[in-house]
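The values are calculated or read from the model by the stated rules, or taken from the named source; none is laboratory data. These numbers were taken from a predicted model, which means no experiment stands behind them. Cβ sites come from the backbone with ideal geometry, for glycine too, and all protein chains shown count toward neighbours.
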Amino acid sequence: MYHVVETRFREAIRRFLSERYQLDLPVALERPPRLELGELATPVCFELARRLRRAPRQIATEISTELGPVEGIARVEVAGGGYLNAFLDRGAFLSLALDLSRQPAAEPPASAAKVIVEHTSINPNKAAHIGHVRNAVLGDAFVRLEKFSGRRVQVQNYIDNTGVQVADVVLGFLHLERKSMENVRRLASEPGFDYFCWDLYARVTEFLEADKQRLELRAAMLKTIEEGHGSEAEMAEIISTAILGCHLRTMNRLGIRYDLLARESDILHLKFWEAAFRQMVDRGVITRPETGKYAGCWIMALGEAPAEEGEEAEAKVIVRSNGTVTYVGKDIAYQMWKFGLLGLDFHYQPFFRYDDGHTVWTTLAEDGVPDAPEFGHAREVYNVIDSRQAYLQNVVAAALRALGFEDAAEHSVHFSYEMVALTPRCAQELGYELPPEDSKRPYVEVSGRRGLGVKADDLLDKLEAAARAEVDQRHPEDSETGRAETAHAIAIGALRYFLLKYTRSTIIAFDFHDALSFEGETGPYVQYAIVRAKNIFRKLIDQDPNFPVDRLDSLVSAEARAALLTNEDGNDFWELLLLAGSLGSQVNAAAASQEPAFVAKFAFQLAQSFSVFYHRHHILSESDATKKAFLLELTALVERQLVAALALLGIESPEKM
């Protein structure tokens with residue numbers, strides 16, 4: 001709505017500048033601080049003044065006089081020293097807002113450039129925790145924003161099933177638990193396997209730290225698993241596949257889905273790394289020194305030549321001296337495949353089918369199905385990885401540049417975010433003993449190696465239990481299934497909103513009390529605004545079953561809308577309408593800046609404004625039939641915009657609360 005009129009005004013100014021002054025200038029638009037100054041403003045006349053050597057106000061007057069009509073704009077005025085301020089046609093804006101809010105989002109054309117978003121990517125060695133949930137929720141919200149903006153998006157989840165973390169759990173089963181293959185296979189088929197591995201992984205960390213020589217066990221295990229031979233590699237496959245299933249079930253509770261599960265073992269077995277390695281060697285991107293601290297390793301130089309003789313330039317090890325590939329080496333190969341630069345592809349087969357029929361596929365080293373979708377070949381790639389991995393993501397981009405793939409490097413985006421920590425109170429509630437100095441800090445870092453963190457399913461269970469208690473009290477007459485569905489929607493809304501309302505650069509100190517709160521700036525507050533709007537229409541139908549809810553437009557003329565938006569309550573109505581009509585602008589800003597928090601803030605502000613409107617205007621008891629229909633139009637618009645905003649955040653809108 002707002003962004004549609006905004007675009008029309010910008011293009012009208014640009015056309016005028018081109019025709020009148022033969023200039024092609026970007027036209028920046030601003031929102032004036034007060035309604036009496038209009039709804040759009042541009043300072044373009046100040047730049048014109050510099051080029052034309054004329055006074056900016058004189059140019060602004062000229063443009064405002066000669067610009068001509070712009071659809072959706074009532075008038076254009078000159079303000080200050082040379083601003084052009086546009087005043088929207090309020091009645092036309094409401095009509096446009098109502099029309100657009102009813103239209104479903106358009107599907108992107110098949111010819112649209114593909115965007116790959118990789119998110120979640122949890123090591124398949126233990127249960128998911130709250131930090132993993134932030135990654136997945138951020139990635140999923142960004143995917144929804146991109147799709148809403150008309151992008152063709154493919155969602156990938158990288159499964160590091162040959163990494164150190166999986167090797168550690170295999171080591172734990174063999175050296176600490178003394179489990180046979182059949183023991184592990186049986187355990188992997190039972191509920192709670194991811195929780196068992198959570199505790200085992202922490203024990204392995206202690207086991208390795210107790211004797212540094214045991215690190216050789218890990219190195220040997222890692223090499224065996226990477227090579228894919230023997231019982232250890234088979235055990236690693238059993239463990240990682242079972243844990244992956246646990247992760248998918250956890251994420252499905254949150255409404256998070258994927259298109260492809262790309263397994264690291266297939267990257268190795270299909271020789272992706274060898275193909276990338278050959279390109280990097282042939283083009284001199286990596287070298288293998290014979291002496292010095294990097295002797296025997298394949299390294300990529302990152303720094304300039306050392307200033308003093310004897311110093312070694314900064315470099316990143318890509319292949320260790322024992323022949324194992326580092327994480328970043330495999331990630332370079334994977335990134336090249338995402339852009340279609342490797343000349344190789346996976347085989348594929350279905351892995352899991354969601355209730356609505358959507359299939360998540362997985363990679364194979366051989367024997368895939370012949371009719372699999374096309375994966376990879378992206379125009380842009382967003383890797384959702386926490387900010388602590390910024391260095392490695394920079395190495396991946398640097399490798400692409402060094403290989404001559406400048407465009408791919410330019411479109412490799414590290415969608416970074418800060419970690420989720422725990423408040424000291426939360427850590428203590430979980431039973432962790434904190435040193436005195438940690439109990440005074442604002443947060444305590446999560447550590448999967450030490451088992452310190454909030455398991456995602458534990459958190460979801462607590463949230464659903466709290467929501468269920470509230471729903472049971474308020475709606476005991478509802479069915480068991482209905483109350484469970486409502487409680488689930490509220491619980492997931494609370495968690496997703498809690499994680500999305502913060503900008504990505506904010507460290508979140510997680511606390512059960514804050515996440516479970518349904519008051520203030522929370523998902524349930526916004527959900528309740530929607531329920532309140534729905535209740536207005538329920539009560540309306542109860543009062544008058546024949547009321548033409550589907551034909552509100554026919555009850556309010558364009559003239560009546562314009563009058564109601566300019567009378568004594570007009571500015572109040574207009575502010576609510578203008579805010580409700582700004583969803584598109586917020587989505588554009590959120591997608592461009594990769595900040596879903598903008599949509600979360602918008603939803604909360606609109607819910608707040610609707611609450612004021614709801615208490616100020618008694619809609620159902622309004623005696624003026626035209627005004628009543630107008631108020632219902634505004635209510636319907638706000639409801640649709642709130643539902644749309646929450647959907648972009650992956651939050652359902654329940655019928656009751």
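Picking from Arg441, Arg474, which residue would you name as being touching a residue at least 24 places away in the same chain (Cβ under 8 Å), more than 27 Å from the chain's Cα centre (by Cα) and more than 18 Å from Ala202 (Cα to Cα)?
Details: Arg441 fails: touching a residue at least 24 places away in the same chain (Cβ under 8 Å).
Going through Arg441, Arg474 in turn, just one is touching a residue at least 24 places away in the same chain (Cβ under 8 Å), more than 27 Å from the chain's Cα centre (by Cα) and more than 18 Å from Ala202 (Cα to Cα): Arg474.
Among the numbered criteria (1) in contact with an Asp or Glu (Cβ under 8 Å, 6 or more places away or on another chain); (2) buried (at least 22 other Cβ atoms within 10 Å of the Cβ), which one does Leu552 miss? For Leu552, the exception is condition (2). Pairing each residue of the stretch 637-657 that is modelled with pLDDT under 95 with any residue that is in a loop (DSSP other than H, G, I, E, B) and surrounded by fewer than 22 Cβ atoms within 10 Å (Cβ to Cβ), provided the two are 6+ apart or on different chains, yields C-beta distances under 7 Å for Lys656/His475. Against the numbered list (1) touching a strand residue (DSSP E or B) at 6+ places or on another chain (Cβ under 8 Å); (2) part of a loop (DSSP other than H, G, I, E, B); (3) crowded, with 20+ Cβ neighbours inside 10 Å, Tyr348 comes up short only at (2). Filtered by the rule that a residue be in contact (Cβ under 8 Å) with a residue 24 or more places away in the chain and either surrounded by fewer than 19 Cβ atoms within 10 Å (Cβ to Cβ) or of a type in the set (Phe, Trp, Tyr) (or both), the stretch 517-530 gives Phe518, Glu521, Tyr525, Tyr528. The residues of the stretch 50-101 that are in contact (Cβ under 8 Å) with a residue 12 or more places away in the chain, of a type in the set (Ser, Thr, Tyr) and part of a helix (DSSP H, G or I), listed by number, are Thr61, Ser64, Ser95, Ser101. Between a residue in the stretch 590-613 that is buried (at least 23 other Cβ atoms within 10 Å of the Cβ) and any residue that is not hydrophobic (A, V, I, L, M, F, W, C) and not in a helix (DSSP H, G or I), which pairs come within a Cβ distance under 6 Å, given they are 6 or more apart or on different chains? Every condition considered, the pairs that remain are Ala590/Pro596; Ala600/Lys501.
Residues Ala427, Ala408, Ala390, Ala378: which one is part of a helix (DSSP H, G or I), of a type outside the set (S, T, N, Q), under 27 Å from Asp282 (Cβ atoms) and out of contact with any Asp or Glu (no Cβ under 7 Å at 6 or more places or on another chain)? Steps first, please.
On the way: Ala427 fails: under 27 Å from Asp282 (Cβ atoms); Ala390 fails: under 27 Å from Asp282 (Cβ atoms); Ala378 fails: part of a helix (DSSP H, G or I).
None of the others qualify; the one that does is Ala408.
Residues in the stretch 252-264 that are surrounded by 23 or more Cβ atoms within 10 Å (Cβ to Cβ) and assigned to a helix (DSSP H, G or I): Glu264 alone.
Taken together, the residues in the stretch 211-231 that are of a type in the set (Asp, Glu) and not in a helix (DSSP H, G or I) amount to 1. Residues that are of a type in the set (Gly, Ala, Ser) and within 23 Å of the chain's Cα centre (by Cα) number at least 2 in the following helices (runs of 4 or more DSSP H) confined to the stretch 544-628: 583-593, 597-616.
Out of all the residues in the stretch 426-476, which are among the aliphatic types (A, V, I, L, M), over 15 Å from Ala128 (Cα atoms) and crowded, with 18+ Cβ neighbours inside 10 Å? Don't jump to the end; show me each part of the working.
To start, the set of residues in the stretch 426-476 that are among the aliphatic types (A, V, I, L, M) comprises 427, 430, 434, 444, 446, 452, 454, 456, 459-460, 463, 465-467, 469, 471.
From the residues that got through so far, the ones that are over 15 Å from Ala128 (Cα atoms) too are 427, 430, 434, 444, 463, 465-467, 469, 471.
Answer for the stretch 426-476, where residues must be among the aliphatic types (A, V, I, L, M), over 15 Å from Ala128 (Cα atoms) and crowded, with 18+ Cβ neighbours inside 10 Å: Ala427, Val444, Leu463, Ala466, Ala467, Val471.
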